[in-house]
Amino acid sequence: QVQLVESGGGLVQAGGSLRLSCAASGSILSANTVGWFRQAPGKQRELVANISAYGNTNYTDSVKGRFTISRDAAKNTVYLQMNSLKPEDTAVYYCNTFLFPLPWGQGTQVTVST
């Protein structure tokens, strides 16, 4: 079975950086548009960024200029580089495909302290 595995989260101070990784078996991530999402406690899951199979990217306004989504096709892995982190970025971060989404993984916790 294909399952999504997110990693790279942790506790950082405001202004710090983290790089999240999204992995899945096979070529499902390389062949499709992939998005990073986040969900804060008591809030709805929201789209943060996405990247197409060809590398085209989009970002939600709140992270533009701070986050970068990328992919390594050879490793079938999608990354989210997060710089200049703010406490408002605190959430569980998830990845998923846009077309025919997979079951959600466990996500990875990102906590930004002051």
Exercise for the section: Any residue in region 43-69 that's touching a residue at least 40 places away in the same chain (Cβ under 8 Å): show its pairings with residues that are open to solvent by 50 Å² or more (accessible area, probe 1.4 Å) at Cβ separation under 8 Å, as long as the two are six or more apart or on different chains. Expected result: R45/Q39; V48/Y59; N50/T57; N50/N58; N50/F98
Practice task
Mind listing whichever residues of region 71-99 are free of Cβ contacts under 8 Å to residues at least 12 places away in the same chain and of a type in the set (A, V, I, L, M, F, W, C)?
Solution key: A74
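Could you count how many residues in region 1-34 are hydrophobic (A, V, I, L, M, F, W, C), within 16 Å of N76 (Cα to Cα) and touching a strand residue (DSSP E or B) at 6+ places or on another chain (Cβ under 8 Å)? Give the steps one after another, and end with the answer.
Taking region 1-34 and keeping what is hydrophobic (A, V, I, L, M, F, W, C), we get 2, 4-5, 11-12, 14, 18, 20, 22-24, 28-29, 31, 34.
Narrowing the set further to residues that are within 16 Å of N76 (Cα to Cα) leaves 2, 4-5, 20, 22-24, 28-29, 31, 34.
Applying the additional criterion that residues be touching a strand residue (DSSP E or B) at 6+ places or on another chain (Cβ under 8 Å) yields 4-5, 20, 22-24, 28-29, 34.
Result for region 1-34: 9.
Being open to solvent by less than 30 Å² (accessible area, probe 1.4 Å) and within 14 Å of the chain's Cα centre (by Cα) is the filter here; which residues of region 10-29 pass it?
Within region 10-29, the subset open to solvent by less than 30 Å² (accessible area, probe 1.4 Å) is 10, 12, 16, 18, 20-22, 24, 29.
Scanning region 10-29 gives G10, L18, L20, S21, C22, A24, L29.
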Exercise for the section: May I ask you to list the residues in region 5-49 that are at pLDDT 95 or above and closer than 14 Å to F100 by Cβ? Expected result: T33, V34, G35
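The values are calculated or read from the model by the stated rules, or taken from the named source; none is laboratory data. From a predicted model like this one, the values you see are computed outputs, not experimental measurements. Every residue, glycine as well, gets a Cβ built from its backbone with ideal geometry; the counts of neighbours run over all protein chains shown. Remember, those area values only see protein heavy atoms, side chains included, never the ligands or the DNA or RNA. Shrake-Rupley method; radii C 1.70, N 1.55, O 1.52, S 1.80 Å.
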